[in-house]
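Only one structure is covered here, and it is reproduced in the block below.
None of the figures in this text is laboratory data; all of them are computed from the coordinates on show. Note that the structure is predicted; figures quoted are calculated from it, not measured. Note that each Cβ is placed from the backbone with ideal geometry, even for glycine, and that neighbours are counted across all protein chains shown.
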Amino acid sequence: MPIDLRSDTVTKPTPSMLEAMFSAAVGDDVFGDDPTVNALQEKAARLFGMEAALFCPSGTMTNQLAIRVHTQPGSEVICDTLSHIYLYEGGGIALNALSSVKLLTGDRGRINAAQIKDAINNPDDVHAPVSRLVSLENTMNKGGGCYYDLSAIEAIKEVCTQHSLALHLDGARLFNALVETNESPFDYGQAFDSISICLSKGLGCPVGSLLIGKTDFIKKARRFRKAMGGGWRQAGYLAAAGIYALDHHIQRLRDDHTRAKAIGHMLQPLPEVEEIYPIDTNIVIFRLPDSILATDYVAKLAQKGIAAVTFGKHLVRFVTHLDFTDMQLEELEKSLKKVI
Ligand SMILES: *Cc1c(COP(=O)(O)O)cnc(C)c1O
């Protein structure tokens, strides 16, 4: 069995999570009568102190639904150049929302209030797209899993309020940030108009993401989800995993962070490692010298039984997760020394 550090999406349900899934009460969610889906959505809304939530198959769908509802054709979305919504969602902003993007260069993917203020177009200038939405990502995947301070987000919220912009959070790994900062989901619920969280990443579910926001907003998102073919039926079996994860898998994210830092220590002495990004949560990104292509290095890792992904021409990413154990960590250390 290879040690799979490609992503925190690769986890399998634990026996207890599977048991919760097997015993879920289900109904037809298109008719709105799957009790477990409804319970998950209510639980998530309550957790963030927001009005409503929508259970969806992926974080791409929850982000894209949010962008679609917040914008109109010809709008502009302000985000960092490293954002998942821009880089990894199949051009969805153009495809689904017929909208433009204003890309900013933040600190490892984290943009600030002053930058955003400067990026807002004059609403009376017909040359410019209409600035409508700011989207933040926390933790920031391409920035190596770094996270925002809530105070920075509150300053951004103020700019958005002054300029009538909506504020969305791609919180695929928000709980990884929250266990580090000890901030609460409730504080985040007050700052954002909409929040997307992934259950299928560090929280260890097989499938699923949640979009959280106001009742009216979620009602519109539900309509677009249906039009995208995302209306699902006895999804309660999957929602049961989500409820289980929110109850049992948040605090343990700290273990993933500890193991990620341990990997950082293992990489430090290796001659082929030029730079390691600061390790703040469960993501480890490191740079190889110009003489080694990341694709070649990842192939060599695979020969040693380690699965990883390239994250640039000379960048490699490891992500720790629920199925990555201390025993595997020990094995990893031995294997890493023999890659080159
Ligand atoms: C994984 C991820 C998503 C959503 O991905 P899906 O595979 O569509 O669930 C969104 N944003 C970030 C930052 C992610 O890492």
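Just from its helices, what would the mean residue ellipticity at 222 nm be for the chain, if runs of 4 or more DSSP H residues each count -39500 (n - 2.57) and the sum is divided by every residue, rounded to the nearest 500 deg cm²/dmol?
-12000 deg cm²/dmol
Set the bar at 18 Å for Cα to Cα. Now go through K43/K142; K142/K313; K12/K261; K201/K304; K313/K334; K201/K337 and name every pair that lies beyond it.
K43/K142; K12/K261; K201/K304; K313/K334; K201/K337
Taking loop as defined by DSSP and a crowding limit of 12 other beta carbons within 10 Å, which GluC sites (Glu not before Pro) in segment 215-289 fit?
Answer in residue order: no site qualifies.
Work out from phi, with θ = phi - 60° and the Karplus expression 6.51 cos²θ - 1.76 cosθ + 1.60, the ³J(HN,Hα) of each residue of segment 20-36, listed in order in whole Hz, and give x for Gly and Pro.
Along segment 20-36, the couplings run 4, 5, 4, 9, 5, 7, 10, x, 9, 5, 5, 7, x, 10, 8, x, 6 Hz.
Could you pull the Cα extents of the chain along its three principal axes, largest to smallest, in whole Å?
Each principal axis gives a Cα extent; for the chain these are 58, 53, 34 Å.
Only residues of segment 6-33 count here: report those whose backbone N is under 20 Å from the spot 7 Å along Cα→Cβ of R233, or say none.
21-33
Between segment 291-338 and segment 261-280, how many Å separate their Cα centres?
Cα centres, segment 291-338 to segment 261-280: 12 Å.
Using the Cα gyration tensor of segment 220-340, with a ≥ b ≥ c the square roots of its eigenvalues, what is the shape: rounded (a/c below 1.5), prolate (a/b larger than b/c) or oblate (neither)? Could you put the intermediate results ahead of the total?
Working: a/c = 2.63, a/b = 1.81, b/c = 1.46.
In terms of gyration-tensor shape, prolate.
Show me the trypsin sites (Lys or Arg not before Pro) within segment 188-229 that DSSP assigns to loop and that have at most 14 other Cβ atoms within 10 Å of their Cβ.
In loop regions of segment 188-229 (DSSP not H, G, I, E or B), the sparsely surrounded trypsin sites (Lys or Arg not before Pro) are K214.
Which distance in Å, rounded to a whole number, links the C-alpha centroids of segment 203-220 and segment 71-105?
20
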